[in-house]
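Take a look at the structure below.
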Amino acid sequence: MRLAAAVTARAGTLPLGFALRGNPFLARTGSGLLAAAPLPATATLATARLLARGGGKYFADGKLTVADLKAFVHVRWLRSGSLDHVPTDLVERLAPALVSHQERIEAEPRVTAYYAART
């Protein structure tokens, strides 16, 4: 968790996922509210940072960084349908630039090679 926080702080991005176990927000409200409150706010801010810092292509330094890979994994997870009460089209509706970013990172040769070696 500390590494994720350090990467997030260094890249100036916000985490797109939330710890589901032991999260006091979820303990009080239930997972259905993820789609109603924190995810839309986080997606909006992440989109603004993506557009401001990388022109929509990368999150930092004008090249593929850990921040891009982190965002890629989180957006893919949110779109996967594996989260209860989070619609698979939520990111498409709230932050289409993040979907474009996720698809672009997924097409990067190094990312494609990484997943090909693990299937």
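The values are calculated or read from the model by the stated rules, or taken from the named source; none is laboratory data. These figures come from a predicted structure and were not determined experimentally. Positions of Cβ are backbone-derived with ideal geometry, glycine not excepted, and every protein chain shown enters the neighbour counts.
Of the conditions (1) at pLDDT below 90; (2) in a helix (DSSP H, G or I), VAL86 clears all except one; give me its number.
All conditions pass for VAL86, except number (2).
I'd like to know if the stretch 32-50 contains one or more residues that are at pLDDT 50 or above and among the basic types (Lys, Arg).
Applying the first criterion (at pLDDT 50 or above) to the stretch 32-50 yields 32-50.
Within this subset, residues satisfying the condition of being among the basic types (Lys, Arg) are 49.
There is at least one residue in the stretch 32-50 that is at pLDDT 50 or above and among the basic types (Lys, Arg).
Among the residues that make up the stretch 95-104, is at least one of them of a type outside the set (Val, Ile, Thr), assigned to a loop (DSSP other than H, G, I, E, B), farther than 18 Å from LEU50 by Cα and out of contact with any Asp or Glu (no Cβ under 8 Å at 6 or more places or on another chain)?
So far as the stretch 95-104 goes, no, none of its residues is of a type outside the set (Val, Ile, Thr), assigned to a loop (DSSP other than H, G, I, E, B), farther than 18 Å from LEU50 by Cα and out of contact with any Asp or Glu (no Cβ under 8 Å at 6 or more places or on another chain).
If I filter the stretch 52-67 down to residues being at pLDDT 90 or above, touching a helix residue (DSSP H, G or I) at 6+ places or on another chain (Cβ under 7 Å) and not in a loop (DSSP other than H, G, I, E, B), which single residue comes out as surrounded by the fewest Cβ atoms within 10 Å (Cβ to Cβ)?
Only one residue tops the list, namely VAL66.
Take the conditions surrounded by fewer than 14 Cβ atoms within 10 Å (Cβ to Cβ) and modelled with pLDDT of 50 or more and apply them to LYS70. Does it pass?
no
Looking at the stretch 75-119 only, could you name the residues that are among the charged types (D, E, K, R) and over 17 Å from LEU64 (Cα atoms)?
The answer is ARG79, ASP84, ASP89, GLU92, ARG93, ARG118.
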